[in-house]
Amino acid sequence: MGKAIVRLKDIADATGFSTNTVSLALRNSPRIPETTRETIQKAARKLNYLPNAIAKSLVSRQTMTIGLVLTQITNPALTETAQALELALGKLGYGTLLATSNNTLEDEIRVLELFRSRQVDGMLIYPTSPQHIEHIRPLREANYPVVLLINDPAGTIDSVSMDDRLGAEKATAHLISLGHSRIGILDGADPNRNRDKQNGYREALEKHRLKFDPALCADPVGPTSHDGYRAMDRLMQASNPPTAVFASTDTLAFGALKWAMERDINVPGDVAIIGFDDIEFAEFSAIPLSSVAYEADTVAEKAIERLMTLIRAGETLPKPEQTLIDPKLVVRQSTVAQ
């Protein structure tokens with residue numbers, strides 16, 4: 001048996017005041033004299049009293065909690081964003097319930113159902129697949145506050161995200177500006193995953209009249225640096241290997257850097273490498289990594305701002321909005337020798 005929950009009546013019995021007086025004192029009501037408030041609040045602390053959040057939510061019809069769904073907790077960019085979201089929500093008086101889908105649609109659906117059963121006031125979601133969000137659309141259609149943290153191509157659900165397509169285009173165009181014409185890419189080939197970065201890569205090639213070569217595309221299969229290392233090895237086995245590589249995450253780029261360094265291949269002299277996310281370690285790696293910055297604080301700020309608008313709207317939500325944040329290119333030694 002757990003320890004008994006301390007009730008307002010327990011504080012009233014301990015102080016000799018009525019439960020109504022105790023309730024007002026704990027809410028710092030000016031109707032209660034300061035000395036009485038201090039006496040009651042001191043007794044509440046001594047008894048380890050905590051307000052009953054469930055009872056409060058029944059009155060306010062709000063739980064003051066937000067559900068946050070990540071695809072994985074090991075992605076540094078997602079972890080940084082989760083921290084920024086939690087801190088910002090905390091300042092607004094909201095608690096954050098965090099769960100991961102482990103990149104599986106089944107787990108994502110299960111987590112969404114769990115959060116609904118916990119009656120969270122709204123959700124912030126990194127979907128497993130932007131092509132498969134049909135299970136989320138009914139929530140929006142039922143006027144439930146939901147904001148995606150990747151772009152919704154159909155525009156049917158509110159979303160706030162970095163413009164991955166534009167970021168990849170910027171990274172590829174940067175490599176082209178340095179004189180590279182054979183540019184490889186380390187990115188997933190699964191059509192169910194986010195294709196924005198690969199689309200941006202291909203658009204940059206097209207704009208500069210460079211032919212897309214499937215031999216210069218390597219699917220890492222997984223998200224780790226080991227996956228990036230193995231994908232880089234496959235990529236460089238091409239009969240005419242690339243002189244520059246765009247990796248869709250910094251984590252994959254670190255694997256590519258390690259592959260090159262182990263073979264005494266000069267970066268950026270023999271092969272230039274650029275990543276995406278600009279996580280903290282990018283600046284401090286053995287060869288400082290050029291990258292496209294993922295603005296976690298900006299994403300958090302704008303996503304929460306939109307979510308609060310939806311929560312305040314009540315039973316009739318405004319038309320969905322899509323917010324794309326222009327990513328910044330951060331150039332370091334891995335593409336341009338200092």
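Okay, here's what the table says:
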| item | result |
| --- | --- |
| Charge dipole magnitude, Cβ of K and R +1, D and E -1 - segment 8-51, Cα centre, debye nearest 20 | 100 debye |
| Translational D in µm²/s for segment 235-338 (Stokes-Einstein at 10 °C, 1.306 mPa s, Kirkwood Rh from C-alpha pairs) | 100 µm²/s |
| The chain: antiparallel DSSP beta bridges as a percent of all, rounded to 5 | 5 percent |
| Pairwise label distance in nanometres, Leu92 with Leu47, each label 7 Å out on the Cα-Cβ vector | 3.4 nm |
| C-alpha long axis of helix 196-207 to longest principal axis of the chain, angle in ° | 40 degrees |
| Nearest 10 degrees, 0 to 90: helix 225-235 Cα axis against the chain principal axis | 20 degrees |
| For segment 164-294, diffusion coefficient by Stokes-Einstein and Kirkwood Rh (Cα), 25 °C, 0.890 mPa s, µm²/s | 174 µm²/s |
| Exposure proxy order (Cβ contacts within 10 Å, fewest to most) of Leu47, Leu210 | Leu47, Leu210 |
| For peptides 24-35, 267-278, 300-311, sequence by mean Cβ density within 10 Å, most packed first | 267-278, 300-311, 24-35 |
| Eligible lysines near Lys9 by straight Cα distance, threshold 25 Å, same-chain separation 8 or greater | Lys42, Lys46, Lys56 |
| Shape metrics for segment 8-51, restricted to C-alpha atoms - Rg then Dmax, Å | 8.9, 24 |
| Entries in Lys207/Lys319; Lys91/Lys170; Lys207/Lys258; Lys170/Lys258; Lys197/Lys302 that, when Cα-Cα distance is taken, lie over 28 Å | Lys207/Lys319; Lys91/Lys170; Lys207/Lys258 |
| Percent breakdown of C-alpha pair distances by 10 Å bin, ordered from the shortest bin, for the chain | 5, 22, 25, 18, 13, 8, 6, 2, 0 |
| Between segment 196-241 and segment 122-143, the Cα center-to-center distance that results, in Å | 30 Å |
| Convex hull projection area averaged over all views, segment 116-177, Cα basis, nm² | 5.0 nm² |
| Inter-label distance, nm, simple model (7 Å from Cα along the C-beta direction), Arg312/Val221 | 5.0 nm |
| Computed over segment 8-51: relative contact order in percent, which uses C-alpha pairs under 8 Å that are six or more apart | 36 percent |
| Cβ-Cβ FRET estimate between Gln333 and His208, R0 fixed at 25 Å, reported to 0.05 | 0.60 |
| Separation of the His132 and Asn266 label points, Cα + 7 Å toward Cβ, nm | 4.7 nm |
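Since every read-out is calculated from the coordinates, none of them should be taken as a lab result. On a predicted model such as this, the values are computed, not experimentally measured, just so you know. Note: ideal-geometry Cβ built from the backbone for every residue, glycine included; neighbour counts use all protein chains shown.
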